[in-house]
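Take a look at the structure below.
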Amino acid sequence: MATDADGGLVFKPMEQFEIQSLFGGEIAWYTPTNTALWMGLAIFAVILLLVVGSQKRSIVPSRSQSVAELAYGFIYKMVEDICGKEGLRYFPYIMTLFMFIVCANFLGLIPTAFTPTSHFAVTVVLAMAVFITVTVLGFVKNGAAFLGLFWVASAPLALRPVLAIIEIISYFVRPVSHSIRLAGNVMAGHAVIKVFAGFAAIAAVSPVAVLGITAMYGLEVLVSFIQAYVFTILTCVYLKDALHPHH
Amino acid sequence: MATETTGADVAASSPGMPQLDFSTWGNQIFWLVVTLVVIYMILSKVALPRIAAILAERQGTITNDIAAAEDMKAKAQEAEAAYDKALADARTEAHRIVAEAKAEIQSDLDAAIAKADAEIAAKAAESEKAIAEIRAGAAEAVQQVAKDTAQEIVAAMGGKADAKTVDAAVTAQLKG
């Protein structure tokens, strides 16, 4: 960020989110873009952490193997606690979601990096995949009994239709909140850092701006992990509804 | 958010949020699906089974080690009991041997004392006999000397000494 010819401040906090073709030219669906590059790096990070890290298979783990085991145990226990033993069948899918989001988020914190999870295109697909899978799974596993999710049997009879409408609305809002929460948090943090960086061009406030960037960066490190965690735990909660639709 | 109105890169200017530029969605969704499939393959084929195996192996090792440690402890206690028993046995055996040895020595000693006593008695008897002989020998010698002396004296006095008479006289004198 710099001042333009007139000496005025120029803020382009959203420029970092632009999708660019890596080798120039029009962006078709198959064009390698910066998002493809950083998703590829996320794959690389997953391999480095979980495959290379656990290569030695030592009984007393090295540091990287410890991290791999911690990640595994963290998500495994989450799925087991929320969805029960039955939910462990879906553990690899949930682990895939978590590892992708957490790696993409953390790689996006590298200066000048691109963050795939800051785009609604990505998070909406993730959230819709969860939503559709969970809904289909709910009907396949429970049949019409899945609709019992919306019929709150513990409430007074008169209130149940009203509650059913509210429950249905909240059910269909799930993918919206699920996707916007992740992309919104990541995008907002990156944009705020960029705005602080714009202020750093003014000598008088640049120390404050640099401090602000530092503080925001620390916050973003937290947000990167917490949002991946939240996305994963919500997926588990939705999956639990599909497996056990009774309140 | 101020938008730039002048500059060389105006051509690249896009709407406020690149996220809402739906022309790039197809591209992003395509690469996202590719990425997710690749990560899923890596996780389900390699990483997760491997980590699960490592964790199971560690659990097994820990369980085995604890069992082995308990085994060892039991063995150590057994060995200690066996050692104690062996010690007690050895002690009683030692006592027995000492008592036996004492008894044997006592009997040997008694036998030796008896034998020595017998020998001493024999020697004493022998000595007494020898002394008696010597005493008898001495008395006889005195008699003989007395007789010889008397005969010589008689001869010196000028008498004609009859040996038999002298003997009888000396014998009578000695008895007297």
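The values are calculated or read from the model by the stated rules, or taken from the named source; none is laboratory data. Remember, predicted model here, so these are calculated numbers, not experimental data. Here the Cβ positions follow ideal geometry from the backbone for every residue, glycine too, while neighbour counts run over all protein chains shown. Just the protein is used for accessible areas: all its heavy atoms, side chains included, with ligands, DNA and RNA removed. Shrake-Rupley method; radii C 1.70, N 1.55, O 1.52, S 1.80 Å.
Check every one of the helices (runs of 4 or more DSSP H) wholly within the range A:1-111 and list those with 3 or more residues that are facing another protein chain (nearest Cβ under 7 Å) and within 17 Å of the chain's Cα centre (by Cα).
Details: elements: A:34-46, A:63-83, A:91-107.
Output list reads A:34-46, A:91-107.
Could you tell me whether A:Tyr72 is at pLDDT 95 or above and within 29 Å of A:Phe17 (Cα to Cα)? Before you say what the answer is, go through the steps one by one.
Working: at pLDDT 95 or above: yes; within 29 Å of A:Phe17 (Cα to Cα): no.
It is false that A:Tyr72 is at pLDDT 95 or above and within 29 Å of A:Phe17 (Cα to Cα).
If you scan the range A:114-123, which residues turn out to be crowded, with 23+ Cβ neighbours inside 10 Å and either farther than 17 Å from A:Ser224 by Cα or within 8 Å of another protein chain (Cβ to nearest Cβ) (or both)? Give the derivation first.
Our first condition is that a residue be crowded, with 23+ Cβ neighbours inside 10 Å; within the range A:114-123, this holds for A:114-119, A:121-123.
Scanning the range A:114-123 gives A:Pro116, A:Ser118, A:His119, A:Ala121, A:Val122.
Among B:Gly7, B:Gly16, which is at pLDDT 75 or above, exposed (fewer than 13 other Cβ atoms within 10 Å of the Cβ) and within 7 Å of another protein chain (Cβ to nearest Cβ)?
Values: B:Gly7 fails: at pLDDT 75 or above.
Exactly one of B:Gly7, B:Gly16 is at pLDDT 75 or above, exposed (fewer than 13 other Cβ atoms within 10 Å of the Cβ) and within 7 Å of another protein chain (Cβ to nearest Cβ), namely B:Gly16.
Report yes if some residue within the range B:59-80 is over 40 Å from the mean Cα position of the chain (by Cα) and surrounded by 10 or more Cβ atoms within 10 Å (Cβ to Cβ); otherwise report no.
Our first condition is that a residue be over 40 Å from the mean Cα position of the chain (by Cα); within the range B:59-80, this holds for B:59-60.
Retained after the next criterion (residues that are surrounded by 10 or more Cβ atoms within 10 Å (Cβ to Cβ)): B:59-60.
Yes: one or more hits.
Would you mention how many residues in the range A:54-94 are more than 16 Å from B:Arg50 (Cα to Cα), open to solvent by less than 70 Å² (accessible area, probe 1.4 Å) and charged (D, E, K, R)?
1
Out of the residues in the range A:154-195 meeting the condition of being charged (D, E, K, R) and touching a residue at least 12 places away in the same chain (Cβ under 8 Å), tell me which one is most open to solvent (accessible area, probe 1.4 Å). Walk me through it before giving the result.
Looking only at the range A:154-195, we keep the residues that are charged (D, E, K, R), and these are A:160, A:167, A:174, A:181, A:194.
Now drop any that are not touching a residue at least 12 places away in the same chain (Cβ under 8 Å), which leaves A:167, A:174, A:181, A:194.
On the way: A:Glu167: 53, A:Arg174: 41, A:Arg181: 83, A:Lys194: 64 Å².
This residue is A:Arg181.
Select from the range A:135-146 the residues that are open to solvent by 10 Å² or more (accessible area, probe 1.4 Å) and among the hydrophobic types (A, V, I, L, M, F, W, C) and write down the one among them that is nearest to B:Met17 (Cα to Cα).
So in the range A:135-146, the residues open to solvent by 10 Å² or more (accessible area, probe 1.4 Å) come out as A:135-137, A:139-145.
So of that shortlist, the ones also among the hydrophobic types (A, V, I, L, M, F, W, C) come out as A:136-137, A:139-140, A:144-145.
Details: A:Val136: 33, A:Leu137: 35, A:Phe139: 38, A:Val140: 39, A:Ala144: 42, A:Ala145: 42 Å.
My answer is A:Val136.
Which one of A:Leu37, A:Leu50 is aliphatic (A, V, I, L, M), open to solvent by 70 Å² or more (accessible area, probe 1.4 Å) and in contact with a Phe, Trp or Tyr (Cβ under 9 Å, 6 or more places away or on another chain)?
Details: A:Leu50 fails: open to solvent by 70 Å² or more (accessible area, probe 1.4 Å).
Residue meeting the stated conditions: A:Leu37.
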